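J.: Below: one structure in structure tokens.
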Amino acid sequence: MTTYKKPIPTITPELRPFFTAARNRQLVVQRCTACAAYRFPAREICSNCLSTTAEWVPVCGRGEVFSFNVMHQVYHPGFADDVPYAVVVVKLEEGVKMISNLVGVKPHDIRIGMSVRVVFEDISDEVTLPKFVPA
Ligand code: ZN
């Protein structure tokens with residue numbers, strides 16, 4: 001894992017619950033404790049009711065490709081061996097959208113609406129990234 005060459009996310013106090021859950025192979029998002037709306041990315045204020053209270057709750061990890069882009073250019077040397085690779089926006093069954101990678105499928109085979117499920121990749125001793133594979 002020490003050979004990981006790509007940028008590693010900084011775990012801020014606000015995001016620690018997300019990364020702790022990912023380490024344990026669980027996908028979590030914030031849910032407003034006032035109106036129960038799901039929130040992701042994490043933020044301080046609910047866009048539905050403006051409440052500032054929230055909790056982290058597990059989600060099912062299933063969803064569909066909402067949008068995607070295939071990267072052909074090497075913008076960071078850590079990705080040189082991966083091009084072309086797909087960056088996807090996954091719409092989870094709970095309704096929130098998550099930017100991630102779709103792995104286990106060739107980029108030209110990706111379709112909007114394709115069913116996907118989460119998988120987890122340990123990239124360092126502390127960080128685990130949720131990624132998606134075709135369901
Ligand atoms: Zn709310």
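J.: So which residues in the stretch 77-135 are within 11 Å of the chain's Cα centre (by Cα), free of Cβ contacts under 8 Å to residues at least 40 places away in the same chain and open to solvent by less than 60 Å² (accessible area, probe 1.4 Å)?
T.: Listed by number, the residues that qualify are Val87, Val89, Ser100, Asn101, Leu102, Val119, Lys131.
J.: Could you please find all residues in the stretch 16-37 being on the phi > 0 side of the Ramachandran plot and near the ligand (Cβ under 10 Å from one of its atoms)? Please lay out each step first, then the result.
T.: Initially, the stretch 16-37 is screened for residues on the phi > 0 side of the Ramachandran plot, giving 25, 36.
Once the filter is applied, which keeps residues that are on the phi > 0 side of the Ramachandran plot and near the ligand (Cβ under 10 Å from one of its atoms), the stretch 16-37 yields only Ala36.
J.: Please find, among Phe68, Phe40, the residue that is within 15 Å of the ligand (Cβ to nearest atom), aromatic (Phe, Trp, Tyr) and under 26 Å from Gly113 (Cβ atoms).
T.: On the way: Phe68 fails: within 15 Å of the ligand (Cβ to nearest atom).
Being within 15 Å of the ligand (Cβ to nearest atom), aromatic (Phe, Trp, Tyr) and under 26 Å from Gly113 (Cβ atoms) holds for just one of Phe68, Phe40, which is Phe40.
J.: Could you grab the pairs with beta carbons closer than 9 Å, sequence gap of 6+ or different chains, first residue in the stretch 39-63 and without any contact (Cβ under 8 Å) to a residue 24 or more places away in the chain, second one away from the ligand (no atom under 15 Å from the Cβ) and open to solvent by 70 Å² or more (accessible area, probe 1.4 Å)?
T.: So the pair list comes out as Pro41/Ile99; Arg43/Glu14; Glu44/Glu14.
J.: List the number of the failed condition for Gly63; all other conditions in (1) open to solvent by 50 Å² or more (accessible area, probe 1.4 Å); (2) modelled with pLDDT of 95 or more hold.
T.: (1)
The values are calculated or read from the model by the stated rules, or taken from the named source; none is laboratory data. Remember, predicted model here, so these are calculated numbers, not experimental data. Every residue, glycine as well, gets a Cβ built from its backbone with ideal geometry; the counts of neighbours run over all protein chains shown. Side chains are part of the model used for accessible areas, which takes the heavy atoms of the whole protein and leaves out ligands, DNA and RNA. Shrake-Rupley method; radii C 1.70, N 1.55, O 1.52, S 1.80 Å.
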